[in-house]
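**Student:** Let me give you the structure first, and then I'll get to my questions.
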Amino acid sequence: SSTRFYDFKVQTMRIRKLCNTKNIVAINGIFPGPVIYAQEDDRIIVKVTNETPFNTTIHWHGIRQKLSCWFDGPSYITQCPIQASQTFTYEFTLVNQKGTFFWHAHFSWLRATVYGAFVVYPKTGVPYPFKHPFEEHIIILGEHWNQDVVQLERSTVGSGGGPPVADAYTINGHPGPNYNCSKNDVYEINVVPGKTYLLRLIHAGLNSENFFAIANHKLTIVEADAEYTKPFTTDRVMLGPGQTLNILVTADQPTGKYSMAMGPYSSGQGVAFQNILAIAHFQYAGALTNSVSLPANELPSVSDNLAVKTVMDGLRSLYTSNVSKEIDTNLFITIGLNVQKCHSKTPKQNCRGINNGIMAASMNNISFIKPTISLLEAYYKNINGSYTEDFPGAPLKFYDFVNGAPNNIPNDTQSLNGTRVKVLEYGTRVQLILQNTGTVTTENHPIHLHGFSFYVVGYGSGNYNPKIANFNLVDPPYMNTIGVPVGGWTAVRFVADNPGVWFIHCHLDLHQSWGLGTAFIVKNGKGELETLPHPPADLPRC
Ligand code: C2O
């Protein structure tokens, strides 16, 4: 293994999209940002220098950060933001990890433009467990916002109202011909007839989940969240923000120009979404025609929950898993949106949610409030007052979405604000039952856990019922972000063997801002390899 150095300069950059010119934050003047290439077990060192007037941090999404929690990146969880003209050097090892990852800003909604791929190849001489592709391509799904995203977060949360909608979907930063002024703003892959390509799909978007398909072509999933899966062939896939999929595509159709399309998946009724497809081109060498075949039946309709379930059902670990059969701690966690009542202190104009309340989101009825210093620092240095250790192991009030309706909201289903975390002893075998609920709508939530991958051992519709739930302990997929089905539940398992403070949250940034998250404090074990090292000297201060 070797050590790889990268220099990330956080800069502002002027871009023109959809007939609009704006400043964005980007790394090294490149958008999407620079790709990190490495091999399994490599050491990665990234010096991040902030040349903007804004705060930021970088998170290495999917990297488990074994014994290196200080470098995980979520602001106010493991570090204070890197402020204007400050530098922070991230250093970590890719222990037993390879595949498609990405990195992104983890401050406010800066991820909208601060993201890039992170590709980790197997060790030298170790082949892929499938036929070696002719070529590989990175495909990053994203969103374009005309507005400044940091201000947008502030105004959305401050107003208490509903969700804003992206101005465009993008594929590797390009919206494609369906959008204003974007006829030539199209991403293209050139392919040779008969060859097989590996596409590394990454969803970096802020606030929407999306289907992806290539007209007339089959997609074979071989990896999900940087872990190999049994090959599964499908017409389309769905990714939520934070998910990655490796797919094989063979250029086996008549020579031509085919569209690769990204369309909305909006699971919840009444959820606002951008309804224009982003289009990129999958273009055969020798294609003469200018006409592009559109994906006819490949893209499902916007609320096709069955299409999502079909892909999920197809995700199986390539190998027999070593998921633990025993559980030490079983947490039942409701996740969903709700309306908080306005208090005497709330400015009236802010109460724009349903029933004149404020839109909020919660886990077990607690809306997570980020502290003003990092949780990891507070925990490590025993600084009192920034969090409490009483995250409830079950919801304070369980709102049964099946029998309820938004116009029949009980008064006691509002969430409480708090920075409540859950403490886990080193080595605890944990099961989380994530139960989708909500008093406004329920919708699919992509839940992401930092510091671990988890086995997705079960999922289903309706309320979780242990008597009939069916678990897969043989070959469950090993993921870091899982879409909890609309009106349903998902069960995941992991072993808490990585000391530190680990954020778990909905990867739809809007929901994160509304409070859909919490953190696990994993205590040190006894040995040196079970103990979190000291913080780095250049750790930013708040
Ligand atoms: Cu990809 Cu907490 O994030």
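The values are calculated or read from the model by the stated rules, or taken from the named source; none is laboratory data. Since this is a predicted model, take the numbers as computed values, not measurements. For neighbour counting, all protein chains shown are included, and Cβ atoms are generated from backbone atoms with ideal geometry for every residue, glycine included.
**Student:** What do you reckon, is residue 230 within 19 Å of the chain's Cα centre (by Cα), touching a residue at least 60 places away in the same chain (Cβ under 8 Å) and surrounded by fewer than 18 Cβ atoms within 10 Å (Cβ to Cβ)?
**Tutor:** So residue 230 does not fit the description; no.
**Student:** Here are some conditions: (1) in contact with a Phe, Trp or Tyr (Cβ under 7 Å, 6 or more places away or on another chain); (2) surrounded by 21 or more Cβ atoms within 10 Å (Cβ to Cβ). Residue 17 meets all but one. Which one does it not meet?
**Tutor:** Going through the list (1) in contact with a Phe, Trp or Tyr (Cβ under 7 Å, 6 or more places away or on another chain); (2) surrounded by 21 or more Cβ atoms within 10 Å (Cβ to Cβ), residue 17 breaks only (1).
**Student:** Is it the case, given these coordinates, that residue 321 is at pLDDT below 90 and in contact with a Phe, Trp or Tyr (Cβ under 7 Å, 6 or more places away or on another chain)?
**Tutor:** Numbers: at pLDDT below 90: yes; in contact with a Phe, Trp or Tyr (Cβ under 7 Å, 6 or more places away or on another chain): yes.
It is true that residue 321 is at pLDDT below 90 and in contact with a Phe, Trp or Tyr (Cβ under 7 Å, 6 or more places away or on another chain).
**Student:** Separate question: Specify which of the listed residues (59, 137) is within 15 Å of the ligand (Cβ to nearest atom), on the phi < 0 side of the Ramachandran plot and in a strand (DSSP E or B).
**Tutor:** So the residue among 59, 137 that is within 15 Å of the ligand (Cβ to nearest atom), on the phi < 0 side of the Ramachandran plot and in a strand (DSSP E or B) is 59.
**Student:** How many residues are among the hydroxyl-bearing types (Ser, Thr, Tyr) and part of a strand (DSSP E or B) if we restrict to the range 114-134?
**Tutor:** So the answer is 2.
Listed here are the residues, each with its yes/no results for (1) in a strand (DSSP E or B); (2) within 23 Å of residue 102 (Cβ to Cβ); (3) in the same structural domain as residue 25 (by TED's automatic domain parsing).
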residue: 154; (1), (2), (3): no, no, no
residue: 186; (1), (2), (3): no, yes, no
residue: 189; (1), (2), (3): yes, yes, no
residue: 202; (1), (2), (3): yes, yes, no
residue: 223; (1), (2), (3): yes, yes, no
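**Student:** Could you list, in sequence order, the residues of the range 449-486 that are surrounded by 21 or more Cβ atoms within 10 Å (Cβ to Cβ), more than 16 Å from the ligand (Cβ to nearest atom) and assigned to a loop (DSSP other than H, G, I, E, B)?
**Tutor:** 476, 477, 485, 486
**Student:** Still on this structure: Under the condition of being within 16 Å of the ligand (Cβ to nearest atom) and assigned to a loop (DSSP other than H, G, I, E, B), which residue from the range 487-513 is nearest to the chain's Cα centre (by Cα)?
**Tutor:** 507
**Student:** Then there's this: Would you mention how many residues in the range 251-270 are at pLDDT 95 or above and surrounded by 18 or more Cβ atoms within 10 Å (Cβ to Cβ)?
**Tutor:** Qualifying residue count for the region: 7.
**Student:** Could you check, for the range 91-98, whether at least one of its residues is surrounded by fewer than 23 Cβ atoms within 10 Å (Cβ to Cβ), within 16 Å of the ligand (Cβ to nearest atom), part of a strand (DSSP E or B) and modelled with pLDDT of 95 or more?
**Tutor:** Yes, the conditions are met somewhere in the range 91-98.
**Student:** With respect to residue 12, determine if the residue is touching a residue at least 40 places away in the same chain (Cβ under 8 Å), assigned by TED's automatic domain parsing to the domain that holds residue 67, more than 30 Å from residue 125 (Cα to Cα) and part of a strand (DSSP E or B). First the steps, then the outcome.
**Tutor:** Working: touching a residue at least 40 places away in the same chain (Cβ under 8 Å): yes; assigned by TED's automatic domain parsing to the domain that holds residue 67: yes; more than 30 Å from residue 125 (Cα to Cα): yes; part of a strand (DSSP E or B): yes.
Judged against the criteria, residue 12 is a match.
**Student:** Take residue 205 and decide whether it is crowded, with 19+ Cβ neighbours inside 10 Å and under 20 Å from residue 115 (Cα atoms).
**Tutor:** yes
**Student:** Still on this structure: Determine whether the range 323-337 contains at least one residue that is surrounded by 18 or more Cβ atoms within 10 Å (Cβ to Cβ), of a type in the set (S, T, N, Q) and out of contact with any Asp or Glu (no Cβ under 9 Å at 6 or more places or on another chain).
**Tutor:** Yes, the conditions are met somewhere in the range 323-337.
**Student:** Please give the number of the condition residue 203 fails out of (1) in contact (Cβ under 8 Å) with a residue 24 or more places away in the chain; (2) more than 23 Å from the chain's Cα centre (by Cα).
**Tutor:** Every listed condition holds for residue 203 apart from (2).
**Student:** Could you look through the range 237-256, keep only residues that are small (Gly, Ala, Ser) and within 16 Å of the ligand (Cβ to nearest atom), and pick out the one that is farthest from residue 305 (Cα to Cα)?
**Tutor:** 242
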